[in-house]
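Report on one structure; see the data block that follows.
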Amino acid sequence: MDDRPTLPLLAPSGLAGVVVTETAIGDVLGDEGFFHYRGHSAVDLARSVGLEDVWQLMIDGDLATDAATQSRFRDEVRELRTLTPAAEQAIPLVARSRSTLDGLRTVLSLIGQESGMRPLLDIDHARRRRDALRLAAVTPTVVAALHRSALGAEPVEPRADLSPGADLLWMLSGEEPDPQLASALEAYLVLTVDHGFNASTFTARVVASTGADVAACVVAAIGALSGPLHGGAPSRALDLLDALTPLHPDPAALDAAIAERLERGERLMGFGHAVYRTDDPRAALLSAIADGLASRSADAAQRVEVARSVESSAVALLAAHRPGRELRTNVEYYAGVVMDLCGVPRSMFTPTFATSRIIGWTANVLEQAEDPKIIRPSARYVGPPAPRPIPPIG
Ligand code: ACO
């Protein structure tokens, strides 16, 4: 008779499909191509309201229904955009590192300390909320200052009269933002606030469950986002377009170049998704926004035209390559195109993504903080049987 103890069930690789908690923040319905924030279609929100309205929804639970509540929240977060003195001093030093995202991690950690952020376990909801707003509000200022500092330029101060999309463009370039570009960027920011239990959101919640402070949760989440499998694809999708642009408008040459990549076993950046089995709704809206920007210049028109040709060729070839899978453009494909057309430098694509996703992270941190249970799963031990004798030395 086998007297070995029955091993507990092993969760699927990557915890795919495992439900680890309940949330009222949002959901992704992969088969339907739909995702929402607190029940509101994220795509409808991106079409109709600004990032701060969605921010209020995520943090306070509801959209404002009167102008006074809406502007109170806007005023509150715009006041929190400025850097702390220590952050100002640290930015030129930190900007020397290659990655803005790594720099953001360091500077937010400093701001958390300098602002006296205390463990979630020791503070009430009002204080947690304030810390969450502070970090999310200052993040665009930090990434823009890091970017400019790396180029040897002075940081540009945030402006309280600008909405988040416009303010980010202003702080990156120091030039008056174009309203069409600002609203295109803001729609992208709304679309990327939250997306289910992705790796960085889960990371933020694990740290929150230990009762650590909000800055610790956010810094850990940035670490998760910095991995190429999570936050690194939009610039790679644009690299693919750059590589294929010289072949445009020859469809046969484009097909041949894409087929060759697939035959080499390469993954086409900006195609396929772990959850969506139909159109990624973010890609659909960003594609429409890219169309709207195409008429701004001959270069913009060409960029969008090439994107369309590569998309139709790639989708057809992927269907033949992986019959039965629905491999279509994902958010990263048109996000790269839209950010590029908005004048966001390629090195700033993932940091720009972090400026909106931090709203989702902090909403999740506040929700997790209401649950006193630490997240502490188990692993199945598969090493040599224990106890092993300790070998003598000598
Ligand atoms: N190019 C070529 N082949 C692909 C692609 C692609 N873009 N996407 C999936 N496939 C292939 C896979 O290799 C897999 O083949 P296999 O069964 O022989 O291993 C098959 O199609 C099915 O893959 P899925 O199960 O649908 O995809 P999975 O969940 O494993 O991966 C992922 C999803 C990582 C997004 C994948 O589609 C990919 O690598 N895409 C390219 C990178 C990219 O665009 N990443 C950004 C995603 S969006 C985001 O994270 C915010």
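The values are calculated or read from the model by the stated rules, or taken from the named source; none is laboratory data. Fair warning: this is a prediction, and the values are worked out from it, not measured in the lab. Counting neighbours? That spans all protein chains shown, and the Cβs are built from the backbone with ideal geometry, glycine included. Calculation scope for accessible area: heavy atoms of the full protein, side chains included, ligands and nucleic acids excluded. Shrake-Rupley method; radii C 1.70, N 1.55, O 1.52, S 1.80 Å.
Could you say whether any residue in region 299-310 is closer than 24 Å to Leu45 by Cβ and touching a Pro at 6+ places or on another chain (Cβ under 9 Å)?
no
What number of residues within region 242-267 are in contact with a helix residue (DSSP H, G or I) (Cβ under 8 Å, 6 or more places away or on another chain), of a type outside the set (Gly, Ala, Ser) and either within 16 Å of the ligand (Cβ to nearest atom) or on the phi > 0 side of the Ramachandran plot (or both)?
Adding up the residues that qualify gives 5.
Check off (1) open to solvent by 60 Å² or more (accessible area, probe 1.4 Å); (2) more than 19 Å from the chain's Cα centre (by Cα) for Asp27 and give me the number that stays unchecked.
Answer for Asp27: the failing condition is (2).
Could you check region 322-347 and list, in sequence order, the residues that are within 13 Å of the ligand (Cβ to nearest atom), open to solvent by 60 Å² or more (accessible area, probe 1.4 Å) and part of a helix (DSSP H, G or I)?
none
For region 258-268: of the residues being farther than 12 Å from Thr329 by Cβ and either touching a residue at least 12 places away in the same chain (Cβ under 8 Å) or not in a loop (DSSP other than H, G, I, E, B) (or both), which is most open to solvent (accessible area, probe 1.4 Å)?
Kept after step one, since they are farther than 12 Å from Thr329 by Cβ, are these residues of region 258-268: 258-267.
Of the ones still in play, those that are also either touching a residue at least 12 places away in the same chain (Cβ under 8 Å) or not in a loop (DSSP other than H, G, I, E, B) (or both) are 258-263.
Numbers: Ile258: 3, Ala259: 24, Glu260: 98, Arg261: 52, Leu262: 12, Glu263: 155 Å².
Ranking the qualifying residues of region 258-268, first place goes to Glu263.
Does any residue in region 332-350 that is more than 19 Å from Arg296 (Cβ to Cβ) and in contact (Cβ under 8 Å) with a residue 40 or more places away in the chain come within less than 6 Å, Cβ to Cβ, of a residue that is open to solvent by less than 30 Å² (accessible area, probe 1.4 Å) and part of a loop (DSSP other than H, G, I, E, B) six or more places away or on a different chain, and which pairs are these?
Glu332/Gly270; Tyr333/Gly270; Thr350/Gly231
Right, Leu101: aliphatic (A, V, I, L, M) and surrounded by fewer than 20 Cβ atoms within 10 Å (Cβ to Cβ) or not? Walk me through how you get there before you give the answer.
Working: aliphatic (A, V, I, L, M): yes; surrounded by fewer than 20 Cβ atoms within 10 Å (Cβ to Cβ): no.
In short, no.
Within region 188-199, does at least one residue satisfy the condition of being among the hydrophobic types (A, V, I, L, M, F, W, C) and without any contact (Cβ under 8 Å) to a residue 60 or more places away in the chain? Even if it seems obvious, please write down each step before you answer.
Just the residues of region 188-199 that are among the hydrophobic types (A, V, I, L, M, F, W, C), to begin with: 189-191, 193, 197, 199.
The next check asks that each one be without any contact (Cβ under 8 Å) to a residue 60 or more places away in the chain; those that pass are 199.
Checking region 188-199: at least one residue is among the hydrophobic types (A, V, I, L, M, F, W, C) and without any contact (Cβ under 8 Å) to a residue 60 or more places away in the chain.
Does region 269-307 hold any residues that are away from the ligand (no atom under 16 Å from the Cβ), open to solvent by 70 Å² or more (accessible area, probe 1.4 Å) and not in a helix (DSSP H, G or I), and which are they?
Ser295, Arg296
Can you go through Val315, Val310 and tell me which one is open to solvent by less than 40 Å² (accessible area, probe 1.4 Å), closer than 26 Å to Gly30 by Cα and within 16 Å of the ligand (Cβ to nearest atom)? Talk me through it step by step, then tell me what you get.
Values: Val315 fails: open to solvent by less than 40 Å² (accessible area, probe 1.4 Å).
It is Val310.
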